[in-house]
Amino acid sequence: MTGIDNDMIIAPSPAQQMRRRALRHWGFLIGGSLLGLIVLLALIAPLIAPHDPYVQDLSQRFLRPVFMGGTWEYPLGTDHLGRDYLSRLLYGARISLTIGLVTAIISGLIGTTLGVAAGYFGGRVDTIVMFIITVRLSMPVVLVALAVVALFGGSLTVVVLVLGFLLWDQFAVVMRTSTQQIRSQDYLISAQALGCSTTRIVMTEIMPNVLNNLIVIITLEMAHAIILEAALSFLGLGVQPPLPSWGLMIAEGKDMLFFEPFLITIPGIALFALIFSINMLGDGVRDVTAPENRN
């Protein structure tokens with residue numbers, strides 16, 4: 001045989017092609033690895049935290065981290081109440097990830113439902129949904145969140161619900177546009193002609209084709225929710241003490257900014273790393289699942 005039969009060449013499957021793109025995409029690898037590390041540390045926090053994050057010891061307050069001359073008993077030092085900073089940082093990751101994930105789920109369900117309904121049905125449904133989106137966009141998120149949290153009191157549950165019911169507009173806008181783009185496609189028209197139910201058409205024809213955009217919006221809104229929670233906690237209207245929220249840790253350390261800057265620097269770097277990893281992963285997922293969207 002002098003050559004290779006073209007019929008014997010097996011083309012890689014879509015899953016294999018996607019895997020190859022993922023392994024070559026540095027943003028996806030860096031973001032995924034960093035986020036995976038943060039999630040892992042949050043999950044095993046009870047196993048690796050050197051101290052109870054809620055235990056106070058005023059005789060050990062304002063101890064400096066190891067890299068500033070401290071001891072390994074408190075690797076990242078202690079706060080104004082003598083609580084171990086590393087332990088609070090690890091448990092704080094749990095709070096930030098929980099808020100980001102649950103908020104994205106709540107807002108994603110609301111926004112996706114409204115957006116797909118508007119894009120698929122059109123007409124009066126689209127008009128009503130667009131009116132609802134316009135009303136939502138006319139309300140400043142931070143001010144509304146501050147007002148609601150101040151009215152009902154700051155707690156983890158209240159913060160998650162408030163952010164979940166305020167951050168759905170991006171889901172609705174993107175899902176509406178994406179659904180409108182595929183509404184006239186042949187495969188969707190064929191499904192309608194075959195008598196498929198609306199639920200089946202949405203779940204088997206529309207959702208798989210808008211999933212790429214949905215994943216990107218989820219990552220963006222997760223990061224947005226985490227930042228807003230940190231801002232609310234910094235203002236004293238978010239997660240309440242003694243929960244170790246990163247925003248609350250920054251707020252508690254602001255009075256010692258010029259004397260013990262590590263109290264703000266450490267949770268600030270952790271917050272930056274989490275937001276950076278989520279955004280990098282979302283951008284990577286977009287490129288890996290839809291390479292035609294690359295710049």
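For every residue, the table says whether it meets (1) open to solvent by 70 Å² or more (accessible area, probe 1.4 Å); (2) among the hydroxyl-bearing types (S, T, Y); (3) under 30 Å from M203 (Cα atoms); (4) part of a helix (DSSP H, G or I).
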| residue | (1), (2), (3), (4) |
| --- | --- |
| G70 | no, no, no, no |
| L90 | no, no, no, yes |
| S107 | no, yes, yes, yes |
| V116 | no, no, yes, yes |
| T127 | yes, yes, yes, yes |
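Residues in the stretch 120-147 that are of a type in the set (G, A, S) and within 21 Å of G164 (Cβ to Cβ): S138, A145, A147.
When the stretch 22-50 is limited to residues that are surrounded by 17 or more Cβ atoms within 10 Å (Cβ to Cβ) and within 18 Å of M280 (Cα to Cα), the one that is farthest from the chain's Cα centre (by Cα) turns out to be H25. Residues of the stretch 212-259 that are surrounded by 21 or more Cβ atoms within 10 Å (Cβ to Cβ), over 21 Å from S277 (Cβ atoms) and among the charged types (D, E, K, R): E252 alone.
One residue is enough: does the stretch 137-150 have a residue meeting the conditions outside any helix (DSSP H, G or I) and among the polar types (S, T, N, Q)?
Within the stretch 137-150, one or more residues are outside any helix (DSSP H, G or I) and among the polar types (S, T, N, Q).
Would it be correct to say that P53 is modelled with pLDDT of 90 or more, in contact with a Lys or Arg (Cβ under 9 Å, 6 or more places away or on another chain) and crowded, with 18+ Cβ neighbours inside 10 Å?
yes
The values are calculated or read from the model by the stated rules, or taken from the named source; none is laboratory data. These numbers come from a predicted model, not from an experiment. When we count neighbours, we look across all protein chains shown, and the Cβ atoms used for this are built from the backbone with ideal geometry, even at glycine. We work out accessible area using only protein heavy atoms, side chains counted, and drop any ligands, DNA or RNA first. Shrake-Rupley method; radii C 1.70, N 1.55, O 1.52, S 1.80 Å.
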